[in-house]
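The values are calculated or read from the model by the stated rules, or taken from the named source; none is laboratory data. Everything numeric in this text was worked out from a predicted model, so none of it was measured. With ligands, DNA and RNA removed, areas are computed over all heavy atoms of the protein, side chains included. Shrake-Rupley method; radii C 1.70, N 1.55, O 1.52, S 1.80 Å.
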Amino acid sequence: MNSSRQPHTTDPAPATTPAPATGPRGAAFLLAQIGAHAAGRFAERIGHLGLTPADVGLLRMVAGQPGRSQRALAEQLGVVPSRVVTLIDGLEGKDLVERRRSAEDRRNHELHLTAEGGRTLRAVSRAAAAHEDALLAALDPEQRTHLLGLLERVAAEQELPAGVHPGYRNRG
């Protein structure tokens with residue numbers, strides 16, 4: 001019998017793989033996560049134009065219905081009229097929007113894009129198209145169309161006003 005023994009060695013512990021992330025991954029979370037990411041990236045894309053996403057939303061609304069009153073815009077946004085006055089002041093100061101006295105009611109101001117506002121909105125549209133292409137790069141055109149349809153259905157069922165970002169209500 002051989003009395004010399006080999007030292008006992010233990011097998012190395014098997015390699016462990018890290019556990020998959022267990023954070024929230026439901027649809028509501030993913031919509032919020034992607035929405036926050038998309039909003040931040042959009043803000044970066046339009047920052048060189050001296051605009052915020054809120055500015056862009058207002059420009060689009062004014063362009064979509066030229067001559068609407070500040071009061072009507074406030075109603076659509078769901079904010080008090082004085083809030084719209086402040087928001088429009090900023091756009092007017094950048095020579096993007098102008099107020100004109102209403103011919104029918106001199107107490108009201110009608111909102112119109114200036115020539116510079118139109119040029120700026122066209123630049124925003126180009127940035128927005130590039131933004132959407134980058135954001136949805138993982139999807140083919142058919143998938144993009146399908147996703148858009150699904151999101152529109154969800155927004156409609158939740159009774160969200162078309163084209164109005166809920167963030168206006170949260171701004172001071």
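Observations, loosely collected:
- Using C-alpha pairs under 8 Å with a sequence gap of at least 6, the mean separation divided by the residue count of the stretch 30-172 gives a relative contact order of 26 percent.
- A full extension of the chain between residue 104 and residue 164 corresponds to an added length of 18.9 nm, given 0.36 nm per residue minus the alpha carbon distance.
- Cα gyration tensor category, rounded, prolate or oblate, for the stretch 47-172 with a/c compared to 1.5: prolate
- For residue 110, nonlocal amide neighbours, meaning residues 5 or more places apart or on other chains whose placed amide H falls under 5 Å from its own, are 100, 101, 102.
- Accessible area of the stretch 119-172 belonging to carbon and sulfur atoms, whole % at 1.4 Å probe: 56
- Gain on full stretching of the segment that runs from residue 39 to residue 152 - 0.36 nm per residue minus C-alpha separation: 38.9 nm
- Note that the stretch 131-148 has calculated 3J(HN,Hα) couplings of 4, 5, 4, 5, 5, 9, 4, 6, 10, 7, x, 5, 5, 4, 5, 5, 4, 4 Hz, one per residue in order, obtained from phi through the Karplus relation 6.51 cos²θ - 1.76 cosθ + 1.60 (θ = phi - 60°); glycine and proline are x.
- Protein heavy-atom surface of the stretch 60-105, 1.4 angstrom probe: 46% of the accessible area is carbon and sulfur, with nucleic acids and ligands not counted.
- 3J(HN,Hα) couplings calculated from phi for the stretch 85-98 with the Karplus curve 6.51 cos²θ - 1.76 cosθ + 1.60 (θ = phi - 60°) are, in sequence order, 4, 5, 5, 5, 3, x, 6, 5, x, 9, 6, 9, 9, 10 Hz; Gly and Pro show x.
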